[in-house]
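Asks: Provided herewith is a single structure, encoded as structure tokens, for subsequent inquiry.
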């Protein structure tokens, strides 16, 4: 008995020694990497701003490199992009027209993102809102305007809201992955338009061409300063959301749930209800964007009513750090780029797809530079120095 | 019978590009990266594959070019998400915008510089990439048509899926990859090199997506350049990853199911089932959404997304 015990003891000792020697070898073999990433001390606001600006400059320079490769003068092209977006009141109006749905839906997704609910279903929510609103446009187009337009806006919000609620309900109940679920809902909504276009809502006067009838003038949103009144809604919404997120109890609850759902639970918040409420609002805002695009710009329910805006909105909201003012600025820059590039086709014969390429190159740079706000690279300390 | 046979053949042809995209994305997601740039990487592959076939006149180089282009797109994604820890969703969507834009842009650029405003891949390349014709086998009554009559992408796709399945399930490195996808901190503590393996998986996965794109631009469009040839296949592939429950082997069958969905509208007579075309186009996404919900109700760990998917790993923040 005694013997076996002592035997065990030496066994344990031996294996311990062996382990130590292995660790020795490992430590000497696995040096600290030459370059490693470390967290950086909190930067001041001005430093962050300076870093953001310099990243934007570098991004534009990288885009310029792309233009140079095509054999054009980057300064000339950039100048013509800017002038293409601003050169006349008509051009400026067109730029703002592009900006309206982008600004509204970016504001919409920012709510969900603040809650760390990865809603990438803005595209579908825009479409759902447009579909719901189009019902009133097509079947009750002759209602008095004071009743019709609010009804359409409400329908748009409800439609988008429902499309946002569905993933929230399943997330609450079964913890269904919302990123993938909202992605699927985008395409379900898109095909709903095709279904309506080919079937129940097909325009009988289109002569076989698949489309939904043009809205009667009574439905079309009025213009103010040459641009459809959606821009007033968008601006008001930005101000409202700024107050809502910064000053209201709801906004506070959203950011607590975003930081930690269990903290929110512990503090006595009804997390499930907050998720449902916020997703309805987030989807509803995107739905309003759909209504405004259909009734204010397209004057019909087109298959391209969202046209990728829902995806771009995610990028915009993220780049703007989810702040309404930032979203306003970033969505404006995006709209300038996309309007300006449409001029390049006519002026230089450069395909309009160049706008997507340029957008991509610039975004890659900006996204990469974000890293330096919170982190920095550190070189390995020279040999002999303790770490 | 003939009708049914040609349906089977069409199903397999329609499913093949999706299979490449899906296998590529599974390899990505298993390493913990939800890459929403599949559509973009496929578009890059479509463009590079087509242009290599058109300019170099060599089928093997066309496939290689599409792989490299997809991998190059994925490399941008890997640098930004793995090293620079940028948000995966945002980078993925940007990659899609960039990839589709770059592909169409290059296509139009080549078109305006072409002799007669069309780009056509030389006959010999199309023949090499076209339907198989094995002496004796391809002429067999039924099996010949179902098994031995396809273009080489079909067989390549199945081979890639099987290899990917073996790699993830049976090899040591595959085990490490799966560990990274589930819990990168634990994998790192166990001595697995997280960042290099993530890079490897993302880049190779992107390359496989790129080959799927070449199928769309070369085979589906019959050797004539068309803009937007990928046209949403990448998103269907993202859906199929869920349908196949992150298993490349299941993705083979799954891609044919999704391929069937995409062509059913041409084969099911409207007099039997009066379903609108949009319903068939919606089916892949509807079924995927259902599967997503069912899998979450059953809370099965095996048939769900890797736990670390979508979250970047920063080793000093464990």
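Asks: With respect to the numbered conditions (1) more than 11 Å from every other protein chain (Cβ to nearest Cβ); (2) in a helix (DSSP H, G or I); (3) in contact (Cβ under 8 Å) with a residue 24 or more places away in the chain, which one is the sole condition not fulfilled by residue B:242?
Replies: It is condition (1) that residue B:242 fails.
Asks: Go through the residues of the range A:266-281 one by one and say whether even a single one is touching a strand residue (DSSP E or B) at 6+ places or on another chain (Cβ under 6 Å), in contact (Cβ under 8 Å) with a residue 24 or more places away in the chain and within 17 Å of residue A:124 (Cβ to Cβ).
Replies: So far as the range A:266-281 goes, no, none of its residues is touching a strand residue (DSSP E or B) at 6+ places or on another chain (Cβ under 6 Å), in contact (Cβ under 8 Å) with a residue 24 or more places away in the chain and within 17 Å of residue A:124 (Cβ to Cβ).
Asks: Return yes when residue A:122 is more than 14 Å from the chain's Cα centre (by Cα), under 27 Å from residue A:261 (Cβ atoms) and in contact (Cβ under 8 Å) with a residue 60 or more places away in the chain and no when it is not.
Replies: Values: more than 14 Å from the chain's Cα centre (by Cα): no; under 27 Å from residue A:261 (Cβ atoms): yes; in contact (Cβ under 8 Å) with a residue 60 or more places away in the chain: yes.
No: the conditions fail for residue A:122.
Yes/no matrix, rows are residues, columns are (1) part of a helix (DSSP H, G or I); (2) under 29 Å from residue B:130 (Cα atoms):
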position	(1), (2)
B:161	yes, yes
B:178	yes, no
B:204	yes, yes
B:207	yes, yes
B:211	yes, yes
B:230	no, yes
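Yes/no matrix, rows are residues, columns are (1) facing chain A (nearest Cβ under 9 Å); (2) surrounded by fewer than 23 Cβ atoms within 10 Å (Cβ to Cβ):
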position: B:64; (1), (2): no, yes
position: B:83; (1), (2): yes, yes
position: B:87; (1), (2): yes, yes
position: B:102; (1), (2): yes, no
position: B:118; (1), (2): no, yes
position: B:121; (1), (2): no, no
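Asks: Among the residues of the range B:264-286, how many are within 25 Å of the chain's Cα centre (by Cα) and either facing chain A (nearest Cβ under 8 Å) or crowded, with 16+ Cβ neighbours inside 10 Å (or both)?
Replies: Residues in the range B:264-286 being within 25 Å of the chain's Cα centre (by Cα) and either facing chain A (nearest Cβ under 8 Å) or crowded, with 16+ Cβ neighbours inside 10 Å (or both): 12 in total.
Asks: For the range A:214-229, what are the residues that are under 27 Å from the mean Cα position of the chain (by Cα) and over 15 Å from residue A:148 (Cβ atoms)? Steps first, answer last, please.
Replies: Our first condition is that a residue be under 27 Å from the mean Cα position of the chain (by Cα); within the range A:214-229, this holds for A:221, A:227-229.
Scanning the range A:214-229 gives A:227, A:228.
Asks: Quick check on this structure: which one of A:294, A:313, A:317 is in a helix (DSSP H, G or I) and away from chain B (no Cβ under 14 Å)? Even if it seems obvious, please write down each step before you answer.
Replies: Details: A:313 fails: away from chain B (no Cβ under 14 Å); A:317 fails: away from chain B (no Cβ under 14 Å).
Criteria check complete, one pass: A:294.
Asks: Hey, another quick one. Can you tell me which residue in the range A:297-310 is surrounded by the fewest Cβ atoms within 10 Å (Cβ to Cβ), limited to those that are part of a helix (DSSP H, G or I) and within 14 Å of another protein chain (Cβ to nearest Cβ)?
Replies: Within the range A:297-310, the subset part of a helix (DSSP H, G or I) is A:297-298, A:309-310.
Imposing the further condition that a residue be within 14 Å of another protein chain (Cβ to nearest Cβ) reduces the set to A:309-310.
Values: A:309: 27, A:310: 30.
Selected residue: A:309.
Asks: Tell me which residues, restricted to the range A:211-242, are modelled with pLDDT of 85 or more, in a helix (DSSP H, G or I) and surrounded by 12 or more Cβ atoms within 10 Å (Cβ to Cβ).
Replies: A:231, A:232, A:233, A:234, A:235, A:237, A:238, A:239, A:240, A:241, A:242
Asks: Provide a single number: the residues in the range B:193-234 that are modelled with pLDDT under 90 and under 10 Å from the mean Cα position of the chain (by Cα).
Replies: So the answer is 0.
Asks: Hey, among A:378, A:288, which residue is touching a residue at least 60 places away in the same chain (Cβ under 8 Å) and either away from every other protein chain (no Cβ under 14 Å) or closer than 20 Å to residue A:189 by Cβ (or both)?
Replies: A:288
Asks: Being over 14 Å from the mean Cα position of the chain (by Cα), in a helix (DSSP H, G or I) and under 27 Å from residue A:237 (Cα atoms): is that true of residue A:345 here?
Replies: no
Asks: Name, by its number, the condition in (1) touching a residue at least 12 places away in the same chain (Cβ under 8 Å); (2) in contact with a helix residue (DSSP H, G or I) (Cβ under 6 Å, 6 or more places away or on another chain); (3) under 30 Å from residue A:338 (Cα atoms) that does not hold for residue A:92.
Replies: Status for residue A:92: all satisfied but (1).
Asks: Okay, next question. Restricting to the range A:188-218, count the residues that are at the interface with chain B (Cβ under 7 Å from one of its Cβ atoms) and more than 14 Å from residue A:305 (Cβ to Cβ).
Replies: 4
Asks: From the list B:91, B:23, pick out the single residue that is without any contact (Cβ under 8 Å) to a residue 60 or more places away in the chain, in a helix (DSSP H, G or I) and under 29 Å from residue B:197 (Cβ atoms).
Replies: B:91
Asks: Quick check: anything in the range A:349-365 out of contact with any helix residue (DSSP H, G or I) (no Cβ under 8 Å at 6 or more places or on another chain), within 14 Å of another protein chain (Cβ to nearest Cβ) and either assigned to a helix (DSSP H, G or I) or surrounded by fewer than 17 Cβ atoms within 10 Å (Cβ to Cβ) (or both)?
Replies: Residues of the range A:349-365 out of contact with any helix residue (DSSP H, G or I) (no Cβ under 8 Å at 6 or more places or on another chain): none.
No; the residues of the range A:349-365 include none that is out of contact with any helix residue (DSSP H, G or I) (no Cβ under 8 Å at 6 or more places or on another chain), within 14 Å of another protein chain (Cβ to nearest Cβ) and either assigned to a helix (DSSP H, G or I) or surrounded by fewer than 17 Cβ atoms within 10 Å (Cβ to Cβ) (or both).
Asks: Could you please give the count of residues in the range A:148-180 that are within 14 Å of chain B (Cβ to nearest Cβ), under 22 Å from the mean Cα position of the chain (by Cα) and touching a residue at least 12 places away in the same chain (Cβ under 8 Å)?
Replies: Selection size over the range A:148-180: 8.
Asks: Can you name the residue in the range A:328-342 that is in contact (Cβ under 8 Å) with a residue 24 or more places away in the chain and more than 14 Å from every other protein chain (Cβ to nearest Cβ) and, of all such residues, is farthest from residue A:123 (Cα to Cα)?
Replies: In this case the residue turns out to be A:340.
Asks: What do you reckon, is residue B:289 facing chain A (nearest Cβ under 9 Å) and either closer than 20 Å to residue B:22 by Cα or in contact with a strand residue (DSSP E or B) (Cβ under 8 Å, 6 or more places away or on another chain) (or both)?
Replies: So residue B:289 fits the description; yes.
Asks: Can you find even one residue in the range B:298-307 that is assigned to a loop (DSSP other than H, G, I, E, B), within 10 Å of chain A (Cβ to nearest Cβ), modelled with pLDDT under 85 and touching a strand residue (DSSP E or B) at 6+ places or on another chain (Cβ under 9 Å)?
Replies: Looking through the range B:298-307, none of the residues is assigned to a loop (DSSP other than H, G, I, E, B), within 10 Å of chain A (Cβ to nearest Cβ), modelled with pLDDT under 85 and touching a strand residue (DSSP E or B) at 6+ places or on another chain (Cβ under 9 Å).
Asks: Examine the range B:246-254 for a residue that is buried (at least 16 other Cβ atoms within 10 Å of the Cβ), modelled with pLDDT of 90 or more, more than 9 Å from every other protein chain (Cβ to nearest Cβ) and part of a loop (DSSP other than H, G, I, E, B), and state whether such a residue exists.
Replies: yes
Asks: What is the residue count in the range B:175-212 for residues that are in contact with a helix residue (DSSP H, G or I) (Cβ under 6 Å, 6 or more places away or on another chain) and without any contact (Cβ under 8 Å) to a residue 12 or more places away in the chain?
Replies: Within the range B:175-212, residues that are in contact with a helix residue (DSSP H, G or I) (Cβ under 6 Å, 6 or more places away or on another chain) and without any contact (Cβ under 8 Å) to a residue 12 or more places away in the chain number 1.
Asks: List, please: which pairs have Cβ atoms under 7 Å, are six or more places apart or on different chains, and start with a residue in the range B:63-74 that is at negative phi and end with one that is outside any helix (DSSP H, G or I) and surrounded by 24 or more Cβ atoms within 10 Å (Cβ to Cβ)?
Replies: That search, which allows pairs on different chains as well, returns B:73/B:37.
The values are calculated or read from the model by the stated rules, or taken from the named source; none is laboratory data. If you're wondering where the values come from, they're calculated on a predicted model, not measured in any experiment. Don't worry about glycine lacking a Cβ; one is built from the backbone with ideal geometry, like all the others, and counts go over all protein chains shown.
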